[in-house]
Amino acid sequence: MATAATVEPSTHPGRVKSFLKLVAIEHSVFALPFAYLSALTAMQVNGGRVRWLDLLLITVAMVGARTFAMAANRILDRRIDARNPRTANRELVTGAVSLRTAWTGAGVALLVFLAAAALLNPLCLALAPLAVVPLVVYPYGKRFTNWPHAILAVAQAVGPVGAWLAVTGTFAGSGPAFLLGAAVGLWIGGFDLIYACQDAEVDRKIGVHSVPARYGLRFALHASTLAHVVTFGLFLWFGVLLGFGWLWWIGLALTAVAFGYQHLVVTPTDLSRVNRAFFTANGFVGIALFAFALLDLVFRLGLRP
């Protein structure tokens, strides 16, 4: 009994750490800035004061939803991951995380998301189950469509829309949120086209569907470029619609540079820098654009703490 009591506390943190690695918890940085941007813009439009509790609950909801989505993805894809050399070292394949732990973590994350939605307002609670649908459908997408990236885009578009509704509790006046959501969805969906290029050959062999596997790397990269051109146009439209000032446009100019870098370093004949494009360019886009938008909201539009 004494031995069991001393071992259990030391192994539990290891399971938690492995689960957090499984769901790549640090990648929440890509989605959160645009949820914050949507929420803070809604706050500025509706009185100009920051509602810190709403921001906290939005953070909890976003992290909970993303953690659930990643855990479900890893669980449902574990056999596919085992057949792909790039993903064969993932925690569910190697046994570093048990299937039971993954299901438990996914269930807890889902409950956290639903609880945060309930605490925000009735509309968020009512829509929360709908927000979960694309998160679950996405892992299955590669089994029945060559465009699973579009399902991911829909899942990512939900964040900014949900954040706006979390603040306002109504669809009235939520047009800018849908515009920003479409931009974010195309941004992430466009990058997923690039990311999937790494697995095109393996996907063809094991029967996994994707744009690169079906139409080739060159087509996928061109489609990604088009998605990001439209993304940039939607960001422009969002800024004009809400009357953002010069600070927003500086952030957008830096975003254009990051997009250009991402598409220059990844080519059909050289995929060695896909991860660099992912961590550097995409992380920079989210943080830089949010930072300059926040400065604009504070200094020009009078957003108050």
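Values as computed for the structure displayed
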| quantity | calculated |
| --- | --- |
| The chain, dipole about Cα centre (Lys/Arg Cβ +1, Asp/Glu Cβ -1), debye to the nearest 20 | 420 debye |
| Computed FRET value (nearest 0.05) for Thr267 with Ile206, which takes r as the C-beta separation and R₀ as 30 Å | 0.75 |
| Dipole of the chain [Lys/Arg +1, Asp/Glu -1 at C-beta], most positive-end residue of Leu92, Ala288, Phe191 | Leu92 |
| Charge dipole magnitude, Cβ of K and R +1, D and E -1 - region 178-305, Cα centre, debye nearest 20 | 80 debye |
| Relative contact order %, region 198-305, counting alpha carbon pairs below 8 Å whose residues are six or more apart | 25 percent |
| Dipole in debye (nearest 20) - region 165-247, about Cα centre, beta carbon charges: Lys, Arg +1; Asp, Glu -1 | 140 debye |
| Calculated FRET efficiency for the pair Ala172/Thr104, C-beta based, R₀ 35 Å, to 0.05 | 0.35 |
| Relative contact order computed over the chain (Cα-Cα under 8 Å; 6+ residues apart), in percent | 21 percent |
| Span-like helix ranges in the chain, DSSP H, alpha carbon extent 27 angstrom or more, Kyte mean at least 1.6 | 99-120, 122-141 |
| Within the chain, helix-based [θ] at 222 nm, where runs of 4 or more DSSP H residues each add -39,500 (n - 2.57), nearest 500 | -25000 deg cm²/dmol |
| Residue order, fewest to most beta carbons within 10 Å, for Thr170, Thr231, Thr225 | Thr170, Thr225, Thr231 |
| Of the trypsin sites (Lys or Arg not before Pro) in region 166-274, those whose Cβ has at most 16 other Cβ within 10 Å and which sit in DSSP loop | Arg273 |
| Average projection area in nm² (convex hull over Cα atoms of region 169-295, one quarter of hull surface) | 8.9 nm² |
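Each reported figure results from applying straightforward, stated rules to the coordinates on display, with no laboratory input. All values reported here derive from a predicted model rather than from experimental measurement. Here Cβ is always computed from backbone atoms with ideal geometry, including for glycine, and neighbour counts include all displayed protein chains.
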